[in-house]
Amino acid sequence: MQLRPSLDSLQRLLIALPLIALTTTSFAAPNSSGPVVRLFPTTVLEDIRETGQVAADMENNLQEVIHRLDLQQQLYTESLCQGADGDQGCDRIAKQLGATYLEMLNAMSDRLPEMEHAVNSTRASLEKRLREELGQRTTPTSLQNALLGEATPAVKQDKPALRGRSGVRLSDRFKQYYELVATHRDGPGQSLAVVAADIYLDMEEASALIAATQQEIARASLMEQLNQSFGMITPEMAAVVGGVKEILFGESAGGAPIASPPYVIGETPFVSPLAM
Amino acid sequence: MIRSFAAALTIALALSACTTTENTSYCAAPLTGNLESAIRGAESRLADGCTYHFDSYFQSLLSTAENNPDPANPMLFSDFLMGAQDRGIISQRQAQSLYNRYFNVKFVSLQGDYNTCSQTCPVRDQVMSDMRAELHDKEMGLLRASADPQSFYRADNLLKETELVLEATCRACDAGGR
């Protein structure tokens, strides 16, 4: 049974997806020693919003089928079907489980071309902004100043972590990411350069995973169709469904924040005349 | 006549040797006391001609500060470096570099006036390596000598963010042919 590699790809893709639905308005990263760096103009935000919508649709689409998979898996387990070869009832449950599994693959397959287009479009627009704004219009000195900011305010401890952390529902993550960027209206908590870089790198990964997933889905579907003939259910299938469910609906604990402890503004620090 | 000249020369050479030995031991003697008195000692010796020992004095002062961590220590180092600069022992650039390397959140290793695509991306690995080495010095200056963990964590975070942003930016530069 060679379903695992393809479903690993699916899982990794789902992990990467939340980062593409970051925000819906335009923001500019502050640059204390140079021109304002505009990393999220309207065009980029439109791409992100569209991609986020596609990701949300995929979540909604998969929610029902994964719920059914969960119930069927529970029934299979409670019926003590594991290892019960030749039991007609268990064979029937296994076939139903396999059919639902195929349905999940098909649901993802249906959404992937649209997702691929949206991800690639967002990746390309972010790539252009990063190159022009941070690569060509920014010096190493001003980049460092932009990252550090004039004064970093205390960061909320429940700030969503970047780079595909699991533990919350996808749509909730979108909301958190929106709030993360929205806080930049009142002042920088984390440089938008970091956010942009993070999204861009995840887009690259997502783009590669979509391509790999599309290739794998056809093969995985064929393998499962063959399994339907023999009424097999594999531990790998159960594990993968569990993993996808965890990613989509956040049934595990959240990851640690990536930022270091916040800089506490209190007494005025000494500033040397030698300081950069 | 020749005999008296030779005797005078011998005495002069002997005295010179004594002076050199005395100077060497004076310059190389360890700086003692707390940071302020050690700085006074270093300044006194530098004024007496021990300028070649500046680097060792600076390292010795860092060790003294490490044993007496205090948030006021960066100010003492700043004054010491500016005094050395005023007396022409080190250049302004050296003074700035030393101070910022040890006592500033910002990285001396990430400086430049040309754009990131052309200046930093071609040597990104080297820049990151230099920044990691500099973070080690900031650990000494900010964390151990100044008891300022907040600033050190900011420097640590800045390094991580720089790594991420440079990776993305340099990929974008490469994709566009710089």
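The values are calculated or read from the model by the stated rules, or taken from the named source; none is laboratory data. Everything quoted here is computed from the prediction, not taken from an experiment. Backbone-built Cβ (ideal geometry, glycine too); neighbour counts: all protein chains shown.
Here are the numbers for this structure:
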item	result
Test: residue in region B:80-94 that is touching a Gly at 6+ places or on another chain (Cβ under 9 Å) and modelled with pLDDT of 95 or more	yes
Answer residue from region A:74-126, given it is closer than 21 Å to A:Gln53 by Cβ and of a type in the set (Asp, Glu) and is surrounded by the most Cβ atoms within 10 Å (Cβ to Cβ) among those	A:Glu116
Odd one out for A:Asn60, checked against (1) of a type outside the set (A, V, I, L, M, F, W, C); (2) closer than 30 Å to A:Ile199 by Cα; (3) surrounded by 13 or more Cβ atoms within 10 Å (Cβ to Cβ)	(3)
Conditions (1) out of contact with any Phe, Trp or Tyr (no Cβ under 8 Å at 6 or more places or on another chain); (2) in a loop (DSSP other than H, G, I, E, B); number of the one not met by A:Gly98	(2)
Condition check for B:Gln96: within 9 Å of another protein chain (Cβ to nearest Cβ), over 14 Å from A:Thr141 (Cα atoms) and not hydrophobic (A, V, I, L, M, F, W, C)	yes
Among the candidates A:Thr43, A:Thr51, residue that is in a helix (DSSP H, G or I), in contact with a helix residue (DSSP H, G or I) (Cβ under 9 Å, 6 or more places away or on another chain), under 25 Å from B:Thr116 (Cα atoms) and among the polar types (S, T, N, Q)	A:Thr43
Qualifying residues in region B:104-143 (those that are at the interface with another protein chain (Cβ under 7 Å from one of its Cβ atoms) and within 14 Å of the chain's Cα centre (by Cα)) - the one surrounded by the fewest Cβ atoms within 10 Å (Cβ to Cβ)	B:Asn104
Selection within region A:133-151 - more than 7 Å from every other protein chain (Cβ to nearest Cβ) and either out of contact with any strand residue (DSSP E or B) (no Cβ under 8 Å at 6 or more places or on another chain) or more than 17 Å from B:Cys173 (Cβ to Cβ) (or both)	A:Ser142, A:Asn145, A:Gly149, A:Glu150, A:Ala151
Region B:159-172, subset of a type in the set (A, V, I, L, M) and buried (at least 24 other Cβ atoms within 10 Å of the Cβ), residue farthest from A:Ala275 (Cα to Cα)	B:Ala172
Search result, residues across region A:126-144 that are touching a Gly at 6+ places or on another chain (Cβ under 8 Å) and among the charged types (D, E, K, R)	A:Glu127, A:Lys128, A:Arg131, A:Arg137
Residue within region B:118-131 that is over 30 Å from B:Ile39 (Cα atoms) and small (Gly, Ala, Ser) present	yes
Members of region B:113-139 that are under 23 Å from A:Ser272 (Cα atoms) and touching an Asp or Glu at 6+ places or on another chain (Cβ under 7 Å)	B:Leu135
In region A:114-132, the residues that are in contact (Cβ under 8 Å) with a residue 60 or more places away in the chain and more than 9 Å from chain B (Cβ to nearest Cβ)	A:Glu114, A:Met115, A:Glu116, A:Ala118, A:Val119, A:Asn120, A:Ser121, A:Thr122, A:Arg123, A:Ser125
Residue that is within 30 Å of B:Pro74 (Cβ to Cβ), within 8 Å of another protein chain (Cβ to nearest Cβ) and touching a Pro at 6+ places or on another chain (Cβ under 9 Å), where the choices are B:Ser151, B:Ser146	B:Ser151
Residue check, B:Glu167 in a helix (DSSP H, G or I), facing chain A (nearest Cβ under 8 Å) and in contact with a Leu (Cβ under 6 Å, 6 or more places away or on another chain)	no
Options A:Leu134, A:Leu105, A:Leu148: the member that is farther than 26 Å from B:Leu166 by Cα and either within 24 Å of the chain's Cα centre (by Cα) or modelled with pLDDT of 50 or more (or both)	A:Leu105
